[in-house]
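Here's the structure, in structure tokens; my notes come after.
Please treat every number below as a calculation from the coordinates, not as lab data. This structure is a prediction, so every number in the text was calculated from the model and none was measured. Don't worry about glycine lacking a Cβ; one is built from the backbone with ideal geometry, like all the others, and counts go over all protein chains shown.
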Amino acid sequence: MYETKYHTEDLSQFSFLITGGAGFIGSNIVEYLLKYGAKKVRVLDNFSTGSHANIIEFKYNPAFELLEGDIRDLETCRKALEEIDYVSHQAALGSVPRSINDPITSNDVNISGFLNMLVAARDAGVTRMVYAASSSTYGDHPDLPKVEDKIGNPLSPYAVTKYVNELYASVFSKIYDFHTVGLRYFNVFGPKQNPQGPYAAVIPLFIEAALQNQAPYINGDGEASRDFTFVENAVQANVKAMLAPGVDKHEVLNVAFGERTTLNQLWNSITEIAGIKLAPKSREERKGDVRHSLADISKANKIIGYAPKVSVLEGLFKAFLWYRNSTR
């Protein structure tokens with residue numbers, strides 16, 4: 001993957017820290033940076049949701065370092081940031097249902113851990129910290145497409161944690177002149193996303209079901225829609241946000257493709273790719289879910305030059321091939 005190059009800088013001059021680098025999005029960022037010759041790519045992960053399998057291919061790359069540790073420990077964060085130029089902070093406990101079942105742990109990781117990273121990165125004098133924000137921050141605001149400066153009330157503990165991240169980052173920019181970039185991800189999917197467990201995302205669940213010729217569950221009537229975003233687009237946004245010149249304040253940017261896809265359309269596309277015909281099963285909608293989501297990505301284009309290259313359909317095809325090959 002990553003035949004398209006999303007930077008012009010010589011990465012051999014820079015050292016990067018990817019927190020949560022053994023996770024889904026984080027390990028894809030690691031892959032890109034190593035492919036294009038970064039001086040050092042250090043991963044900080046406690047493997048609560050990340051996987052050694054996601055980073056095993058980098059083990060013998062001399063530019064790769066693994067630090068096993070938890071962002072809830074400030075000294076671990078400080079150690080991880082030694083001799084680092086840029087940070088992509090992906091470590092978090094995702095999932096709305098997980099946060100509803102266990103709001104305390106989500107708060108500890110997503111807020112206390114995030115604050116540790118902010119403090120440590122500020123003190124270490126890193127050039128830029130980019131962090132994973134979330135489209136869940138839009139909450140119950142009805143407007144479509146979603147524009148960064150118009151948000152509603154959070155609908156889950158997870159959404160609260162991600163909004164608090166943005167508030168802390170904004171305050172650090174104003175008080176300490178430490179400017180960060182938050183990337184509000186919209187339903188990112190692709191290779192290395194875990195299809196197992198109670199909090200698996202919809203696309204890996206659907207692909208796994210199609211590979212096993214089993215009908216998946218669809219929450220509600222299937223007409224809820226999302227702005228599904230292939231992981232390569234999220235990697236592009238992280239790379240460009242870390243390296244973009246002229247970011248002189250805290251910025252929050254939508255990272256999406258800019259199209260809506262319903263769950264029914266999603267399943268239909270996957271069954272066409274898989275060459276099967278199978279109707280899904282219905283069940284109740286999940287608490288804390290929004291009905292529709294669609295991003296305006298014009299600000300990200302203006303600030304960091306973000307321009308998503310991989311469409312939802314192309315991304316589904318790439319993801320399907322990856323899951324099919326990885327289950328052999």
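Fully extending the segment from Val147 to Lys174 would add 7.5 nm, taking 0.36 nm per residue of separation and subtracting the current Cα-Cα distance.
Subtracting the Cα-Cα distance of Glu82 and Glu65 from their residue separation scaled by 0.36 nm leaves 4.9 nm. The distance from the alpha carbon centre of segment 76-107 to that of segment 307-328 is 26 Å, rounded to a whole number. Between the alpha-carbon centres of segment 1-52 and segment 122-137 there is a gap of 15 Å. Taking amide hydrogens as placed 1.01 Å from N in the peptide plane, the amide H of Glu65 sits under 5 Å from those of Val41, Arg42, Val43, each at least 5 positions away in sequence or on another chain. Rounded to the nearest 500, the 222 nm mean residue ellipticity of the chain from helices alone is -11000 deg cm²/dmol, with -39,500 (n - 2.57) taken per DSSP H run of at least 4 residues. Considering only Cα-Cα distances, which of the following residue pairs are longer than 29 Å: Lys5/Lys59; Lys150/Lys277; Lys249/Lys318? Going by Cα-Cα distance, Lys150/Lys277; Lys249/Lys318 fall outside the 29 Å limit. Helices of the chain meeting both criteria, an alpha-carbon length of 15 angstrom or more along the long axis and an average Kyte-Doolittle score not below -1.0, with helices taken as full DSSP H segments, are 24-35, 113-124, 157-176, 231-243, 263-274, 312-326. The relative contact order of the chain, computed from alpha carbon pairs under 8 Å that lie at least 6 residues apart in sequence, is 17 percent.
Among the listed pairs Lys192/Lys240; Lys79/Lys309; Lys146/Lys309; Lys35/Lys192, those whose Cα-Cα separation exceeds 26 Å are Lys79/Lys309. The ranking of Met1, Met129, Met242 by Cβ neighbour count inside 10 Å, starting from the fewest, reads Met1, Met242, Met129. Rounded to the nearest 0.05, the FRET efficiency derived from the C-beta distance between Asp248 and Ser12 at R0 = 25 Å is 0.40. A cut-off of 5 Å between modelled amide H atoms, ignoring neighbours fewer than 5 places along the same chain, links Ile218 with Lys281, Ser282, Arg283.
Going from the fewest other Cβ atoms within 10 Å to the most, the residues Val160, Val171, Val231 appear in the order Val171, Val160, Val231.
For trypsin sites (Lys or Arg not before Pro), the sites in segment 133-215 that DSSP calls loop and that have at most 13 other Cβ atoms within 10 Å are Lys150. For segment 138-236, the set of GluC sites (Glu not before Pro) satisfying both a DSSP loop assignment and a count of at most 15 other C-beta atoms within 10 Å is given as Glu223. Of the residues Ile276, Ile18, the one with the fewest other Cβ atoms within 10 Å heads the list, and the complete ranking is Ile276, Ile18.
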